[in-house]
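**Q** Structure provided below as structure tokens; questions to follow.
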Amino acid sequence: MNEILRITFKMLRSRRFSAVTVLVGLGLLFTAAGARASCAIPYKAGVAAAIPFVSPHADGEWNEHATIVGLWHVLYTATYDDNFPPGGPYPPTPFPFLESFKTWHQDGTEFENAFLPPTGGNICFGVWKDLGDHRAKLHHIGLMFAPDGSISSIFTNDEKVTVASDGKTYKGMFDFKLWPPSYDAVGVGAPISEVKGTIAATRITVD
């Protein structure tokens, strides 16, 4: 019995156990209060852990708002085009490739709503991870549809971005690839089309 008490008190004094206790307590508190208040290579390594995207190397200018988590207005500019749209005609580079609203979630997932007709496919999803030093890497995937409603192709988009120290903007690079309409074909061999370019995003806030 004394040995059990000794181990229990040791766990209570440990930082990890204290953090778990606090989280459980908060969960119970919110449960008691009640509820008062839904476009990259397929992610095959499992679900990413919750990441607040705060670099451990952050300097004094870094603050709680300087995070990739949140809602953004994103502009994609193409600087390289290989067969997109398939068969042409091909616009001269650079050219505006895409505009969207994008949400980065703290649990390592991402959602994007492109400024495109929904009948052709304008919703896509992704997973991301923190690279440190205000940087993030995204793997993103979505579907394109033919006029009859069938899947015409699958596209992937890889992004590497850097958040500004004030948390209001981010910029980076993207690599968009178009694949046949089979998930098994994604990432196999050469893509049907590929577009590369730059990203510029501005945070959307409540106020």
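**Q** Taking amide H atoms as placed 1.01 Å from N in the peptide plane, list the residues 5 or more away in sequence, or in a different chain, whose amide H sits under 5 Å from that of G108.
**A** Residues meeting the criterion, in which the H sits 1.01 Å from N, are I51.
**Q** Rounded to the nearest 0.05, what FRET efficiency do K137 and D184 have when you use their Cβ-Cβ distance and R0 = 41 Å? Show your work: numbers first, answer last.
**A** On the way: r = 24 Å, r/R0 = 0.59.
The pair K137/D184 has a calculated efficiency of 0.95.
**Q** I'm checking a number: the convex hull volume of the Cα atoms of the range 70-204, normalised per residue, in Å³. What is it?
**A** On the way: hull volume 15.2 nm³, N = 135.
Spelled out: Cα convex hull of the range 70-204, divided by residues, is 112 Å³.
**Q** In nm, to one decimal, how far is the modelled label at T77 from the one at N113, with both set 7 Å along Cα→Cβ?
**A** Result: 2.6 nm between the two label points.
**Q** Give me M144, M173 sorted ascending by neighbouring Cβ count inside 10 Å, so fewest comes first. Can you show the working numbers first?
**A** Working: M144 17, M173 14.
Least to most surrounded, the residues fall as M173, M144.
**Q** A further question on this structure: Set the Förster radius R0 to 30 Å, insert the Cβ-Cβ distance between T169 and E194 as r into 1/(1 + (r/R0)^6), and round the FRET efficiency to 0.05.
**A** Working: r = 26 Å, r/R0 = 0.88.
After rounding, the FRET efficiency stands at 0.70.
**Q** For the range 175-180, what does the Karplus curve 6.51 cos²θ - 1.76 cosθ + 1.60, with θ = phi - 60°, yield as ³J(HN,Hα) per residue in whole Hz, taken in order and with x for Gly and Pro?
**A** For the range 175-180, the Karplus-derived couplings read 9, 9, 9, 10, 10, x Hz, x marking Gly and Pro.
**Q** Hey, another quick one. In whole Hz, what ³J(HN,Hα) sequence does the range 154-166 give by Karplus (6.51, -1.76, 1.60; θ = phi - 60°), x for Gly and Pro?
**A** The phi angles translate into 10, 10, 10, 8, 9, 10, 10, 10, 10, 8, 5, 5, 8 Hz.
A short reminder: the numbers here are calculations on the coordinates, not readings from a lab. Bear in mind the structure is a predicted one, so any value in this text is a computation, not a measurement. As a convention, Cβ positions derive from the backbone with ideal geometry for all residues, glycine included, and neighbour counts pool all protein chains shown.
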